[in-house]
1. What aspartates and glutamates does residue 88 reach when the alpha-carbon gap must be under 16 Å and sequence neighbours fewer than 8 apart in one chain are set aside?
2. Leaving out ligands, DNA and RNA, and with a 1.4 Å probe, what % of the accessible surface on region 10-89 is carbon or sulfur?
3. How big is the charge dipole of region 14-88 about its Cα centre, in debye rounded to the nearest 20, if each Lys and Arg gets +1 on its Cβ and each Asp and Glu gets -1 on its Cβ?
4. Would you please put 71-77, 41-47 in order of how densely packed they are, using the mean number of other Cβ atoms within 10 angstrom per residue and starting with the highest?
5. Pull up the cross-link candidates among the aspartates and glutamates for residue 47, meaning alpha carbon to alpha carbon under 20 Å and not fewer than 8 places away within one chain.
Amino acid sequence: MDSKTYLYSRKGQLFMDINLRKYNFIQKLITIKNENALDILEQTLDKIIENNYQISEENLNLLNERLRSYRNNPDDLVDWGQLPARVKK
């Protein structure tokens, strides 16, 4: 049986079937050089698998927005240890 990849559009956004999404995610994952970003992704995935979470549409949108932000500005990060000092300013 041949495997097919399907693209579809919803609310002006292009979506892919699950297999293509997994493939694209892995390709993006391979390019990550920031260890903190990788830690966050690993922790999130571990929690989802451990708890069999169903991510709400709102949280999924927020995660996608933050990933886009990281991809557009990979050096624009704040170390967790520096955050309290930045908040006090």
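1. Excluding near neighbours in sequence, the set is 79.
2. On the way: 3860 of 7430 Å².
Accessible surface attributable to carbon and sulfur in region 10-89 totals 52 percent.
3. Dipole of region 14-88, to the nearest 20 debye: 200 debye.
4. The packing order, highest mean first, is 41-47, 71-77.
5. 35, 39, 57, 58, 65
The values are calculated or read from the model by the stated rules, or taken from the named source; none is laboratory data. Remember, predicted model here, so these are calculated numbers, not experimental data. Methodologically, a virtual Cβ is constructed for each residue, glycine included, from the backbone with ideal geometry; neighbour enumeration extends over all protein chains shown. Keep in mind that these areas ignore ligands, DNA and RNA; they rest on the heavy atoms of the full protein, side chains included. Shrake-Rupley method; radii C 1.70, N 1.55, O 1.52, S 1.80 Å.
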